[in-house]
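Quick one: this structure, given as structure tokens, is what I'll be asking you about.
The values are calculated or read from the model by the stated rules, or taken from the named source; none is laboratory data. Just so it is clear, the model here is predicted, and its values are computed rather than measured. With ideal geometry, Cβ positions are generated from the backbone for all residues, glycine too; neighbour counts draw on all protein chains shown. Keep in mind that these areas ignore ligands, DNA and RNA; they rest on the heavy atoms of the full protein, side chains included. Shrake-Rupley method; radii C 1.70, N 1.55, O 1.52, S 1.80 Å.
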Amino acid sequence: MAAVAKNTVCLWFNGEAQQAAQFYAETFPDSSVDAVHRAPGDFPSGKQGDVLTVEFTVLGIPCLGLNGGPAFTHSEAFSFQVATDDQAETDRYWRAIVDNGGEESACGWCRDRWGLSWQITPVALTRAITSEDPAVARRAFEAMMTMGKIDIAAIEAACRG
């Protein structure tokens, strides 16, 4: 038996944990579907033999998808934050999530088709809004506040003033 992670993110799904895990594994590096477990008996939102839990990894973070039914939904109170190196990587992840039934939000946030929130955050943005120069940080922050998907060139222009 493989070693069990001490801390795992458990995410509640309404019957589509396996599909979500497969999408994450296909979209992000260092991601995989590690195990699929079927229910040993009937449960409130399913029958014996249905997929109950899915062990998966997203960008190196161990997760467990639980097909718990419609009782609970995701909110922005939990999100995956993905640090991107350049505009191409930012665009690739953003498009993968939004174009697969997801939706755009503000300031680099988007939501996937299962309701999970993602922050697609270029490293350039993080550096800019944490600049030691408060004027640079403010300009970068103000520029970010007008964006959906982050535009690195616009953030860099804001930093320059």
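Using R₀ = 30 Å, calculate the FRET efficiency as 1/(1 + (r/R₀)^6) where r is the Cβ-Cβ separation of ARG95 and ASN14; round to 0.05.
Numbers: r = 25 Å, r/R0 = 0.82.
After rounding to 0.05, the efficiency reads 0.75.
Taking Cα centroids, how far is segment 80-98 from segment 1-56 in Å?
24
Quick one: ranking ARG95, ARG38 by accessible area, 1.4 Å probe, largest first, what do you get? Numbers along the way, then the final one.
Working: ARG95 90, ARG38 140 Å².
If we order ARG95, ARG38 from most to least accessible, we get ARG38, ARG95.
Which angle between 0 and 90 degrees, to the nearest 10, do you get for helix 87-98 versus the longest principal axis of the chain when only C-alpha atoms count?
40
Mean separation of Cα pairs under 8 Å and 6+ residues apart, divided by the residue count of the chain: what relative contact order is that in percent? Show your work: numbers first, answer last.
On the way: 313 pairs, mean separation 29.1, N = 161.
Relative contact order of the chain: 18 percent.
A follow-up question, please. Return the distance in nm (one decimal) between the two label points of a simple spin-label model at VAL123 and MET145, each offset 7 Å from Cα along Cα→Cβ.
Those two pseudo-labels are separated by 2.8 nm.
Something else about it: Give me the Kirkwood hydrodynamic radius of the chain, using the inverse of the mean 1/r over all pairs of distinct Cα atoms, in Å to one decimal.
Answer for the chain: a Kirkwood hydrodynamic radius of 17.1 Å.
For the chain, what % of the accessible area comes from carbon and sulfur atoms, probe 1.4 Å? Intermediate results must be reported in sequence, preceding the final value.
Values: 4640 of 8930 Å².
Whole-percent figure for carbon plus sulfur exposure: 52.
Using unit Cβ charges (K, R positive; D, E negative) and no other charged atoms, how large, in debye to the nearest 20, is the dipole of the chain about its Cα centre? Walk me through the numbers on the way to the answer.
Working: 12 positive and 21 negative charges, 50 e Å.
In debye, rounded to 20, the chain gives about 240.
Rolling a 1.4 Å sphere over the protein heavy atoms, what is the accessible area per residue of the chain, to the nearest Å²? Walk me through the numbers before you get to the answer.
Details: 8930 Å² over 161 residues.
For the chain, the per-residue accessible area is 55 Å².
Can you find, among PRO29, ALA153, SER117, the residue farthest towards the positive end of the dipole of the chain? Put +1 on the C-beta of Lys and Arg, -1 on that of Asp and Glu.
SER117
Moving on. Please compute the net charge surrounding VAL9, taking Lys and Arg as +1 and Asp and Glu as -1 over other residues with Cβ under 14 Å from its Cβ.
On the way: positive: LYS6; negative: ASP34, GLU55.
Neighbourhood net charge equals -1.
Now for a different question. Rounded to the nearest 500, what is the chain's calculated 222 nm mean residue ellipticity when only DSSP H runs of at least 4 contribute -39500 (n - 2.57) each, over all residues?
On the way: 5 runs with 50 residues, N = 161.
About -9000 deg cm²/dmol.
Sticking with this structure for a sec: Which of ASN67, PHE80, GLY46 sits farthest toward the positive end of the charge dipole of segment 1-105, with +1 on the Cβ of Lys and Arg and -1 on the Cβ of Asp and Glu?
About the Cα centre, the residue reaching furthest to the positive side is GLY46.
For a quick check: with amide H placed at 1.01 Å from N, whose amide H comes under 5 Å from VAL82's, ignoring anything fewer than 5 positions away on the same chain?
Under 5 Å from the amide H of VAL82 lie the amide H atoms of GLN119, ILE120, THR121, each far enough along the sequence or on another chain.
If all Cα-Cα distances of segment 34-100 are sorted into 10 Å bins from 0 onward, what percent lands in each bin, rounded to whole numbers?
Spelled out per bin, shortest first, that is 16, 35, 32, 14, 3.
In addition: Could you size up the charge dipole of segment 1-92 around its Cα centre, putting +1 on the beta carbon of Lys and Arg and -1 on that of Asp and Glu, and report it in debye to the nearest 20? All intermediate terms of the calculation are to be shown ahead of the outcome.
Details: 4 positive and 12 negative charges, 96 e Å.
It works out to roughly 460 debye.
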